[in-house]
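Below is one structure, written out as structure tokens; the observations come after it.
The values are calculated or read from the model by the stated rules, or taken from the named source; none is laboratory data. All values reported here derive from a predicted model rather than from experimental measurement. Cβ placement follows ideal geometry from the backbone for every residue including glycine, while neighbour counts extend to all protein chains displayed. Please note that ligands, DNA and RNA were not included when accessible areas were found on the heavy atoms of the full protein model with its side chains. Shrake-Rupley method; radii C 1.70, N 1.55, O 1.52, S 1.80 Å.
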Amino acid sequence: MAEPKENLQMEKIVSLCKRRGFIFQSSEIYGGINGFWDYGPLGAELKRNVKELWWNTMTRQRDDVAGLEATIIMSPAIWKASGHVDTFSDPMCDCKKCKKRHRADQLCEDQGLTLIKNADGKFALPEGTKCTNCDSKELTEPRPFNLMFKTYVGPVESEDNVAYLRPETAQAIFAQFKNVLETSRQKVPFGIGQIGKAFRNEVTPRNYTFRSREFEQMELEFFIKPDEAIEAIHGSVVTVPETGHPGEPQPNWGWQAWHQYWVEERVRFYENIGLSRETLGFHRQTPAELAHYARACTDILFKFPFSKQDENGNVAGDELEGIAARSDFDLSQHARFSGKPMGVFDDELRQAWAKLPKEKQDDLWRRYYENRKNYLTKSAKPDETAEQIQKQATDDANGLAKGQYIPHVIEPSAGVDRLILALIANAYTETTKTDDKGKSETIYTMKFHPRVAPIKVGVLPLLKNKPDLVKKALAVRDLLRPWMNVYYDDGGSIGKRYARQDEAGTPFCVTIDFDTLGEKPELLDTVTLRYRDDGRQERLKISELRDWLLARVR
Ligand code: GAP
């Protein structure tokens with residue numbers, strides 16, 4: 001893998017983000033804090049737009065998804081059940097000479113090597129690995145470093161009071177599954193969506209905001225029936241092609257169709273906010289990469305300026321979002337650890353099962369039993385015996401025959417900050433203009449899709465010392481303000497003001513000029529509307545302006 005030449009591009013993007021108030025280093029006046037970033041005025045608007053679009057698309061505009069807003073600190077038992085306390089770690093090693101700490105897999109990758117994973121699950125550095133800081137080959141063996149931030153709840157700092165800042169928003173959804181099911185009048189298949197902060201004490205935060213220690217996630221857990229239940233009710237499980245959108249959800253879809261559906265729905269979302277398919281990449285995790293309980297995971301990638309090229313010059317991209325088919329692992333874990341049932345009762349299944357021929361019942365029973373036994377064996381507590389596991393799997397399969405099951409889940413999990421960075425990188429455009437005297441100037445335009453643009457419209461009076469123009473421009477601002485983010489600007493030449501809005505990524509500007517006031521009577525109460533991307537201008541009636549803009553910025 002070659003290092004991308006575009007780190008210069010990243011430097012320019014970082015500089016524009018600071019100069020224009022998209023992103024600042026957290027605690028900058030104290031020298032900053034590694035892995036933490038603040039969003040300035042334009043960044044805050046951009047982020048808000050992205051989250052609102054996700055929320056609207058994924059929850060409000062669907063009948064089958066409900067929302068949740070849970071706390072950041074939850075019972076530590078949740079993180080025990082989810083596996084985060086025991087296994088949410090990265091391999092880390094230290095240079096014995098310069099004391100620099102590295103994430104072992106990244107250290108190897110940066111040198112074209114692959115970290116060795118032994119049969120016992122422990123890691124080892126391959127021959128030749130050196131410290132990228134001082135070139136020493138004296139490195140400690142890799143050891144796991146848990147990424148969760150620890151804190152204490154209450155005034156006593158004891159092990160009994162340890163709590164964690166959530167490393168993902170997903171677990172709260174599983175923990176509240178029953179409450180949401182009972183209060184939202186949803187039935188499987190249905191989803192629960194959540195947007196919120198997540199924290200990971202990354203060993204080496206890098207690539208600007210891409211890998212941060214505090215970030216936001218937008219996660220959906222979409223609960224579906226197990227394939228055996230679908231087969232019992234509908235006779236068979238429909239599978240769909242692994243490419244392309246499978247269309248409207250169907251009752252006989254199994255996990256594979258739902259997974260493909262959500263991958264494509266998420267791609268549509270990205271296309272709708274200006275990330276074309278060409279800017280995206282896909283990575284379907286191999287069986288070796290998949291968690292033991294997962295059926296599939298497709299990562300949607302974005303071709304960032306820092307994304308690496310292969311030997312043929314192709315750029316796959318880096319992860320924006322993962323869409324995982326996680327079986328019934330999560331709810332099963334919480335059922336086992338909390339002792340609270342997480343299953344649902346499905347009368348359609350109960351009735352369908354009763355009508356099945358005996359061989360079909362036996363076949364489905366056996367398959368469900370094997371799946372459950374497999375899960376129970378892999379996640380058994382140390383004191384659980386094979387007999388206990390078999391008994392539990394038998395109970396579970398008997399439950400299926402009576403219409404009971406623990407839902408499976410498809411999880412589209414996206415990072416807000418990575419998406420913001422992708423949108424910024426995608427929007428960043430530089431052009432050089434040379435005037436008649438041969439003087440060159442670089443022009444920066446942030447070509448955001450109007451739906452995500454921080455400011456939707458700039459309202460500019462042609463001159464600020466003409467009270468009638470100013471009065472009219474303020475009236476236009478006030479007309480639009482309740483509907484969208486408007487920026488009123490009367491400072492400097494009109495060209496300078498357009499350039500300022502281009503850098504902020506404002507898709508439209510309206511200028512109030514003497515024709516607006518009726519200098520040419522036929523143009524009374526019209527404005528000049530300017531398009532950011534090509535500078536095109538047209539005349540529009542003030543009375544039509546709001547609806548014209550709303551049709552484009554929503
Ligand atoms: N619940 C599943 C889950 O959390 P993940 O792949 O670890 O899966 C999901 O995270 C998404 O969260 C990633 O695709 C990425 O967009 C974002 N994300 C994860 N770690 C991040 C970090 N350190 N900084 C910024 N975003 C991160």
May I ask you to list the aspartates and glutamates whose Cα is less than 19 Å away from that of K381, ignoring any residue fewer than eight positions away on the same chain?
D86, D120, D328, D330, E370, D395, D396
Cβ-based net charge around L165, under 15 Å, with every Lys or Arg adding one and every Asp or Glu removing one:
+1
Work out how much length E519 to K97 would gain on full extension: take 0.36 nm times their residue separation and subtract the Cα-Cα distance, in nm to one decimal.
144.2 nm
Proximal charge balance of N49 [Cβ under 11 Å; K/R count +1, D/E count -1]:
+4
Which is the longest stretch in the chain that no exposed loop site breaks, taking sites as GluC sites (Glu not before Pro) with a DSSP loop state and at most 15 other Cβ atoms within 10 Å?
385-518
Go ahead and collect, in residue order, the members of region 261-294 whose backbone nitrogen is under 16 Å from a label point 7 Å along the Cα-Cβ direction of Q250.
261-262
Report, ordered by chain and residue number, the lysines lying within cross-link reach of K439, taken as a straight Cα distance under 30 Å and ignoring same-chain residues fewer than 8 apart.
K5, K12, K18, K447, K464, K496
Please report the relative contact order for the chain, taking Cα pairs under 8 Å with a sequence separation of at least 6, and give it as a percent rounded to a whole number.
13
List the trypsin sites (Lys or Arg not before Pro) in region 28-102 that DSSP assigns to loop (not H, G, I, E or B) and whose Cβ has at most 11 other Cβ atoms within 10 Å. Which are they?
K99
Could you compute the FRET efficiency for V238 and E69, with r as their C-beta to C-beta distance and R0 at 30 Å, rounded to 0.05?
0.30
Place a +1 charge on the Cβ of each Lys and Arg in region 1-146 and a -1 charge on the Cβ of each Asp and Glu, then give the dipole magnitude about the Cα centre in debye, rounded to the nearest 20.
360
Taking placed amide H atoms and a strict 5 Å upper bound, the residues 5 or more places from V240 or on another chain that come that close are A257
Counting pairs of alpha carbon atoms under 8 Å apart in space and at least six apart in sequence, what relative contact order in percent does region 396-461 give?
21
Where the Cα atoms of the chain are projected onto their three principal axes, how long is each span, largest first, in whole Å?
90, 66, 57
Phi-derived 3J(HN,Hα) across region 157-168 with the Karplus relation (6.51, -1.76, 1.60, θ = phi - 60°), rounded Hz, x for Gly and Pro, is 8, 10, 4, 5, 9, 5, 9, 10, 6, 4, x, 7
Need one number: the % of Cα-Cα pairs in region 370-425 sitting beyond the 19 Å mark.
52
Could you tell me whether region 458-549 comes out rounded, prolate or oblate from its Cα gyration tensor? Rule is a ≥ b ≥ c as square roots of the eigenvalues, rounded for a/c under 1.5, then prolate if a/b exceeds b/c, otherwise oblate.
rounded
Amide proton proximity set for A296, modelled H, under 5 Å, gap of 5+
A325
Relative contact order %, region 405-554, counting alpha carbon pairs below 8 Å whose residues are six or more apart
22
Percent of beta bridges antiparallel (DSSP, the chain, rounded to nearest 5):
85
Looking at the P(r) of region 294-359, how many percent of alpha-carbon pairs lie beyond 21 Å?
61
Residue pairs, from the table K80/K391; K308/K378; K51/K122, whose Cα atoms sit over 27 Å apart:
K308/K378; K51/K122
Expected 222 nm ellipticity per residue - DSSP helices of 4 or more, -39500 (n - 2.57), all of the chain, to 500
-10500 deg cm²/dmol
Give me the percent of accessible area attributable to carbon and sulfur for region 347-405, probe 1.4 angstrom.
49
Taking the Cα atoms only, what angle lies between the long axis of helix 329-338 and the longest principal axis of the chain, rounded to 10 degrees?
70
Karplus-derived HN-Hα couplings along region 464-478 (A = 6.51, B = -1.76, C = 1.60, θ = phi - 60°), whole Hz, x at Gly and Pro:
8, 9, 10, x, 5, 5, 5, 4, 5, 5, 5, 5, 5, 4, 5
Can you work out the PRE-style zone for I116? Point 7 Å along Cα to Cβ, and I want the residues of region 127-160 with backbone N under 19 Å.
127-131, 137-144
Cys with no candidate disulfide partner in the chain (beta-carbon separation under 4.7 Å rule):
C17, C93, C108, C297, C509
Which lysines, if any, have their Cα less than 21 Å from the Cα of K358, not counting same-chain residues under 8 positions apart?
K402
Hydrodynamic radius by Kirkwood, which averages 1/r over all alpha carbon pairs of region 1-102, in angstrom
18.5
